[in-house]
Amino acid sequence: MRKFCTFVPMNEENKISVVINTWNAEQHLRKVLESVKGFDEVLVCDMESTDSTLEIAREYGCRIVTFTKEGHTIVEPAREFAIHEAIHKWVLVIDADEVVTPQLKDYLYSQISQSQGPTGIAIPRKNYFMGQFLHSAYPDYVLRFFQKEKTHWPAVIHCSPEVDGNVVRIPAKHKELALEHLANDSVSDILRKSNTYSDYELPRRRHKNYGLWALFSRPTFRFVKSYIIKKGFLDGKPGLIHALLDGYYQFIIVSKLMEERKK
């Protein structure tokens, strides 16, 4: 039985397309697609998955487009392609491991119905580690809702889209409006991603003249920010481990830059 994600709404100006970029995303996709039922379009932009991602997307009646994975090591070019493939004026971009709450859906529709509403909205996101919510990783704002014709997504890893207009943030106190991030990465996942993502950071930081002091100061500051300033101490041992891993990520970046200069 097909579980359709879309319906026909009232006003053409007040329609929202949900865009999901995928590559072998079967793990959480059903839960994600369940959460976006009722939006006006659900578009899956797939990068040639080899698992059951496309089968699940078809099961839910989603519109599917393909972005060739060959030659692309980051998702950002696929995001730029996907948002302009969407049918409707307003676009909500979510990852294939993020859940949209009913309250967030209602909030977004209420915002676009206003004559003087924003052009883009940054949404808080709840992150989890070792099976529990992380205070230190909240609100973790992501700019994911905007008018597509006023938006450009640069081809830079972890880069936010550029929106020409008024961008607002949903207040962090409204946790019911936050995206639920289902990833819950393990320590091994974080270490693997730290190695990969730090490589992508190098071109952006080559102008920085990091020296010996940066090997100590940057990891220390990131640890203090995560554990003390952002209240990671409230998360017990997971909060401490996560803060240390945050500091370690900065240590890797500085070390690789120093190694590169040495070569």
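Placing a label point 7 Å from the Cα of GLU12 along the Cα-to-Cβ direction, the residues of the range 49-87 whose backbone N falls under 14 Å from that point are 87.
Counting only Cα atoms, the chain measures 60, 42, 37 Å along its principal axes, largest extent leading.
Quick check on my link table: of LYS69/LYS263; LYS31/LYS231; LYS37/LYS150; LYS105/LYS173, which ones sit more than 23 Å apart, alpha carbon to alpha carbon? Display every interim value, and only then the final one.
Working: LYS69/LYS263 31 Å; LYS31/LYS231 30 Å; LYS37/LYS150 25 Å; LYS105/LYS173 17 Å.
Cα-Cα > 23 Å for LYS69/LYS263; LYS31/LYS231; LYS37/LYS150; rest within.
Simple spin-label estimate for ILE87 and LEU212 gives 6.4 nm between the two label positions (7 Å along the Cα-to-Cβ direction from each Cα). Using only side-chain charges placed at the Cβ, +1 for Lys and Arg and -1 for Asp and Glu, the dipole size of the chain relative to its Cα centre rounds to 1100 debye. Working from label points 7 Å from Cα in the Cα-to-Cβ sense, the ARG169 to MET130 distance is 2.7 nm. Using a probe of 1.4 angstrom, how much of the accessible area of the range 91-214 is carbon and sulfur, in percent? Carbon and sulfur together cover 50 percent of it. Note on the chain: dipole from Cβ charges, positive end direction compared against SER217, ALA178, GLY38; the farthest Cα belongs to SER217.
Estimated from helices alone, the mean residue ellipticity of the chain at 222 nm is -11500 deg cm²/dmol (sum of -39500 (n - 2.57) over DSSP H runs with n ≥ 4, per residue).
Per residue, the chain exposes an accessible area of 51 Å² to a 1.4 Å probe, with every protein chain left in place.
What is the chain's relative contact order, in percent, from Cα pairs under 8 angstrom and six or more apart in sequence?
Values: 488 pairs, mean separation 44.8, N = 263.
Worked out over the chain, it gives 17 percent.
Modelled this way, with points 7 Å down the Cα-to-C-beta line, the labels at HIS158 and THR50 are 2.8 nm from one another.
Note on the range 74-131: Kirkwood hydrodynamic radius from all Cα pairs is 13.7 Å, rounded to one decimal.
The values are calculated or read from the model by the stated rules, or taken from the named source; none is laboratory data. Keep in mind that what you see is a predicted model, and the values were worked out from it rather than measured. Using ideal geometry, Cβ is built from the backbone for each residue, glycine included, and neighbour counts are taken over all protein chains shown. Accessible surface is based on the protein model in full, side chains and every heavy atom, while ligands, DNA and RNA are left aside. Shrake-Rupley method; radii C 1.70, N 1.55, O 1.52, S 1.80 Å.
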